[in-house]
Structures are given as C-alpha cells and as structure tokens.
Amino acid sequence: MKKKVLAMALSLVMALSLAACGSSDSAADTSADAETTTDDAVADSSEATGDGISTKVALITMDQMDVHWVRLQEAAEAKVAEYNAAGNSIEMTWLAPETKDNAQQIQKIEAAIADGVNYIIIACNDATSCNNALQEALDAGIKLIYVDSPASLEGSATFATDNYAGGVQAGEYMLNVLTEAGLTEGTIGIVDAQAGVDSCQNRYDGFASVFEGTDFTLGERQYSDGDQTKAQELANTLIANGVVALYGTNDGATNGAASAVKDAASNGTTVYCVGWDKSDTNIARVEDGSLLAFMAQNPDVMGADAIDAIVAMENGEDLGGEVVDTGVSTVNSENVADFK
C-alpha cells in the first residue's frame, strides 16, 4: 500500500528540519519507509516557535477496549510527550466510549466542545451519525482530524487505512488459500463487528469484490459488536451450518472466529480463517494455525501523524483536507514473528 505524504505539512517540515513521522511496527512492509522524528528535530521545532505552541486536544475513538485504539492512543501520547519535552504545551485527553455506540460517541464530542478543546482527533463509528455534533465543533472553531474512520464532513486531515483495498487484499489471500486447498465453491461466513461502521463496511465490500464471478457464496453478515465471545458463538453456528471459511472484519470478530476454527479442528473439521487487526491473540492464532492471516493496520502511524498535523496547523499550515493512507500488511505464518 502506498502512503501519501502531506505536501503542505512537508513544507513546514523542511522549514523546521522536522520530519513528519509515525511510529509503526518496524516490520510492517507498508510502513517501512515512514519518516521518523528525531529529538533534535523536535528541539528545532520548539526553537522555531519561541515559547512553543499551547493547545488542547481531545482524542475520541470508537471504544476503549480494542487494542487497535489503545495503540493509536499510546502513539499519540508519545508524540505529545516529545513535543512537550521540547518546550511546547499540548494537553490531550482520551475520550473513549466503553463500547462502540453512536450516542456515547456523540456525548464525548459534546464533552470535548464543553471542555474548550482546539482540536478533536476522532475515529467515527460511521460516516454520518456524529455529523450534527461535529458540525457544532466546527462552528465553535474546533478543527477536526480523522483517524481510521472519517465522517462525511470534511476535516483538516485524515490518517486512515484504505479499508476497501485492504479488504481486496484479504479476499485475494483467502481465494488463493481455498484454491490451493482444491476448493472451488462453498459458503464463506462473515463475522462482522457492528452494522454501520464505515471501516468494516469497506473491508467487507473489498473482500466481497474478489469473489464476484466465482462459485463461492458469502453468507449473511453476523454482527458481534467486536466482542470475542459473541464472535466465537456466531462462528460456531456458521461452522455447524457448513461454511468452508470465515472472514473477520476487526480484532474481536477475528479472535472469536479463529477460536471457533481451532475448536472445530480438534473435532476433525477444517475451516479456513482470515481476518483483521494486529493483537497478541491474533498473533497466537496465526502461530497455532487456526488463523491463516490477518491484515495489520498501523494505528501508531495514525496517532503520531495526527499530532504532527496539529503542530503543523498551530504553526500556520493549511493541510487542505488531505487524506493519507497509513498502510496495511498481510501477516501470516511466514512473517508473524516480525510483528511481535
């Protein structure tokens, strides 16, 4: 996957000798070329801004339990710490709903507005549910930066995976596995996260496009709310109904599907599984063979680049709504050790 670079931000970077960066997994093949920010460059940024910038940021993710959001938050916090150590004053608060819930996410946006933040970094549950609240933020002069999943309102910048392309990548991997296993038809079960989540919709659409014109059938999408236990129960039912493969659209869905595949294998039933998102559980499932591959995003790149974008805007840059693809890697038995 290619990663576009913010042209407007780069002009600032050249002026300040500060390289925009994302701290991604060192082995991720799509993020190996990501630029890194050195301590000296951060110090140069502080010197160039005199007493340093002072701003207030709210980070609003879909939930607080998914390791994907934890990694994004940790990367953003680390980047904030770098800038603050160089004499800036960036205050960031993580406002995460307990679970993926539109109403809770809207409440977090409203809380950020009431708290007087200057920027909201947000991963939206879907493209429209938060629009009214986000428009209130824009009307209050708050700038929006999207990570992972944007709303339909234009933000200052977006740092996200091309989920449709990643879905195609997952589908092609699955089709190749099935072909090598001698399978030319059958039903592929879909263990999804939550209806209306734009990122998962695109992952499904990309995956489904690969199987158009084949004799494989994609089953009705089963929604697990990203909960591993619920996902496993749904996958158990799909396996009992004779699916030949399972596709999980996020970390929890993939965890549950792979666990069901492992249980089925102990009873002599072979089901092939491909899914999404890097986690310790998914890594373990690839190692034990119950998960053939997962698509690894770079949430740390999203979090770090979002903070870099804020610093660029604080220094007068107009990012122009630029969309940056933060990349995805296929992790399987051949390269899983590199992702630990």
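The values are calculated or read from the model by the stated rules, or taken from the named source; none is laboratory data. These numbers were taken from a predicted model, which means no experiment stands behind them. Counting neighbours? That spans all protein chains shown, and the Cβs are built from the backbone with ideal geometry, glycine included. Note: accessible area is taken over every heavy atom of the protein model, side chains too, but ligands, DNA and RNA are not part of it. Shrake-Rupley method; radii C 1.70, N 1.55, O 1.52, S 1.80 Å.
For this structure, a couple of remarks:
- All other residues whose Cβ lies under 15 angstrom from that of residue 139 are scored, Lys and Arg at +1 and Asp and Glu at -1, for a net of -2.
- Around the Cα centre of the chain, unit charges on the Cβ atoms of Lys, Arg, Asp and Glu (plus for the first two, minus for the last two) sum to a dipole of about 540 debye.
- Cα-based Rg / Dmax (Å) for the chain: 20.6, 68
- Cα long-axis angle, helix 299-314 against the chain (0 to 90 degrees, to the nearest 10): 20
- Mean Cβ count within 10 Å, highest first, over the residues of peptides 120-133, 303-316, 211-224: 303-316, 120-133, 211-224
- If you count Lys pairs in the chain whose Cα atoms are under 20 Å apart, skipping same-chain pairs closer than 8 places in sequence, the total is 15.
- When a 1.4 Å probe is rolled over the protein heavy atoms, the share of accessible surface on the stretch 86-134 that falls to carbon and sulfur comes to 43 percent.
- At an R0 of 41 angstrom, the distance between the Cβ atoms of residue 241 and residue 135 translates into a FRET efficiency of 0.40.
- With each label modelled as a point 7 angstrom along the Cα→C-beta vector, the residue 115-residue 89 pair spans 1.7 nm.
- Each stretch of four or more DSSP H residues adds -39500 (n - 2.57); spread over every residue of the chain, this sum gives -13500 deg cm²/dmol at 222 nm.
- Pairwise label distance in nanometres, residue 337 with residue 287, each label 7 Å out on the Cα-Cβ vector: 1.1
- The candidates 269, 249, arranged from most to least accessible area with a 1.4 Å probe in the full protein assembly, appear as 269, 249.
- Average accessible surface area per residue within the stretch 157-266, 1.4 Å rolling probe, Å²: 38
- Along each principal axis, Cα extent of the stretch 69-174, largest first, Å: 48, 34, 26
- Sum of side-chain charges, residue 336 neighbourhood, beta-carbon under 11 Å (Lys, Arg +1; Asp, Glu -1): -1
- log₁₀ of I(q)/I(0) at q = 0.15, 0.19, 0.27 Å⁻¹ - the stretch 51-99, Debye sum with one point per alpha carbon: -0.42, -0.61, -0.95
- Secondary structure note: in the chain, about 10% of the DSSP beta bridges are antiparallel.
- Per residue, the convex hull spanned by the Cα atoms of the stretch 87-246 amounts to 141 cubic angstrom.
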